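The values are calculated or read from the model by the stated rules, or taken from the named source; none is laboratory data. What you are looking at is a predicted structure, and each value in this text was computed from that prediction instead of being measured. Note: ideal-geometry Cβ built from the backbone for every residue, glycine included; neighbour counts use all protein chains shown. Just the protein is used for accessible areas: all its heavy atoms, side chains included, with ligands, DNA and RNA removed. Shrake-Rupley method; radii C 1.70, N 1.55, O 1.52, S 1.80 Å.
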Amino acid sequence: MTRTVYLNGEYMPEDQAKVSVFDRGFLFADGVYEVTSVLGGKLLDFDGHAVRLARSLGELGMANPITKDDLLAVHRELVRLNDIEDGLVYLQITRGAADRDFAFPAEGTPQTIVLFTQAKPGLADSPLAQTGMKVISIEDQRWARRDIKTVQLLYPSMGKMMAKAAGAHDAWMVEDGFITEGTSNNAYIVKDGKIITRNLGHEILHGITRAAVLRFAREAQMEIEERPFTLDEAKAADEAFITSASMFVMPVVEMDGDSIGTGAVGPVAKRLREIYLDESRKMAV
Ligand code: PDD
């Protein structure tokens with residue numbers, strides 16, 4: 001089945017969807033994105049993603065070309081047209097096409113809006129959730145506004161390749177001795193029953209999964225500390241895990257070749273994954 005994608009108001013086969021070589025997303029990474037997961041044909045945390053999209057656009061002085069209701073309708077229609085049971089919906093909005101110039105194009109220049117689906121059968125049943133991920137630590141060399149979800153993902157891609165080369169699944173990034181986050185996820189450790197994760201600021205992406213998981217953890221009376229933690233604390237932690245729209249809650253069992261805690265999936269990560277999947281499925285749209 002040919003995938004149907006959405007481009008600037010129209011649904012079309014993926015091989016017919018064309019974007020200008022002058023698109024600022026292509027030339028300047030002048031664009032923002034969101035990734036929303038689909039389980040059982042329904043969208044998880046759609047509202048959170050729509051709110052963060054509006055914020056990313058606002059921070060970059062970009063107009064929001066689509067209402068939340070229309071955005072939801074497009075997400076749902078793509079899920080339907082592509083018969084997605086489990087998978088992801090990717091959304092990207094750029095400042096549009098204009099003659100190459102560092103200055104932004106004139107107001108009213110049509111923006112580019114693209115959505116497509118990725119089928120991921122069994123997305124919530126990843127075997128990695130049973131064994132846990134291995135991560136390495138790398139220097140955080142990204143720009144200073146990581147709270148804006150821009151499409152400039154070259155350094156995170158390089159980080160993922162460094163992890164691969166080291167036989168690991170991902171990299172946690174370190175700045176001034178403190179962990180910021182994973183290449184495409186938020187990072188957590190557990191020490192003496194306490195969940196520790198970096199506080200929100202410009203240094204990390206404000207994960208939609210993070211917000212939901214922390215809310216569920218609080219409701220389950222778990223103790224949470226939102227503060228920077230060091231690489232040494234991570235190595236000495238009882239447990240570690242990550243969260244993201246595509247991985248939900250995923251345990252981390254190894255850092256730079258050394259086991260974290262027992263080296264097996266810990267009870268806090270296991271429980272949070274179960275709670276997150278149960279609750280999010282219930283609230284899915
Ligand atoms: N990544 N931090 C970074 C740097 C991310 O790229 C992501 C998401 C997150 C987690 O955010 P959320 O819980 O809202 O997915 C944290 C997406 C999944 C991606 O780039 O594919």
> In segment 247-283, which residues are away from the ligand (no atom under 16 Å from the Cβ), open to solvent by 30 Å² or more (accessible area, probe 1.4 Å) and among the hydrophobic types (A, V, I, L, M, F, W, C)?
Replying inline: 264, 265
> On the given criteria, is residue 199 part of a loop (DSSP other than H, G, I, E, B), in contact with a strand residue (DSSP E or B) (Cβ under 6 Å, 6 or more places away or on another chain) and either open to solvent by 10 Å² or more (accessible area, probe 1.4 Å) or at pLDDT 95 or above (or both)?
Replying inline: yes
> Which number in (1) touching a residue at least 60 places away in the same chain (Cβ under 8 Å); (2) assigned to a strand (DSSP E or B); (3) in the same structural domain as residue 51 (by TED's automatic domain parsing) marks the one condition that residue 99 misses?
Replying inline: (2)
> Going by the conditions given, is residue 19 surrounded by fewer than 21 Cβ atoms within 10 Å (Cβ to Cβ) and farther than 23 Å from residue 280 by Cβ?
Replying inline: yes
>> When you check residue 225 against the structure, is it open to solvent by 40 Å² or more (accessible area, probe 1.4 Å) and in the same structural domain as residue 239 (by TED's automatic domain parsing), yes or no?
In response: yes
> Mind checking which pairs have a first residue in segment 125-145 that is within 21 Å of residue 230 (Cβ to Cβ) and a second that is hydroxyl-bearing (Ser, Thr, Tyr) and at pLDDT below 95, Cβ under 6 Å, 6 or more apart or different chains?
Replying inline: none
> Among the listed residues 217, 187, 166, 171, which satisfies the condition of being more than 10 Å from the ligand (Cβ to nearest atom), crowded, with 20+ Cβ neighbours inside 10 Å and closer than 22 Å to residue 259 by Cβ?
Replying inline: 171
> Which of the residues that make up segment 39-65 are surrounded by fewer than 19 Cβ atoms within 10 Å (Cβ to Cβ) and in a loop (DSSP other than H, G, I, E, B)?
Replying inline: 40, 41, 60, 61, 63, 64, 65
>> Of the conditions (1) over 30 Å from residue 119 (Cβ atoms); (2) more than 15 Å from the ligand (Cβ to nearest atom); (3) open to solvent by less than 10 Å² (accessible area, probe 1.4 Å); (4) in contact with an Asp or Glu (Cβ under 8 Å, 6 or more places away or on another chain), residue 180 satisfies every one except a single condition; which number is it?
In response: (2)
>> Given the options 209, 243, name the one that is assigned to a helix (DSSP H, G or I) and within 29 Å of residue 49 (Cβ to Cβ).
In response: 209
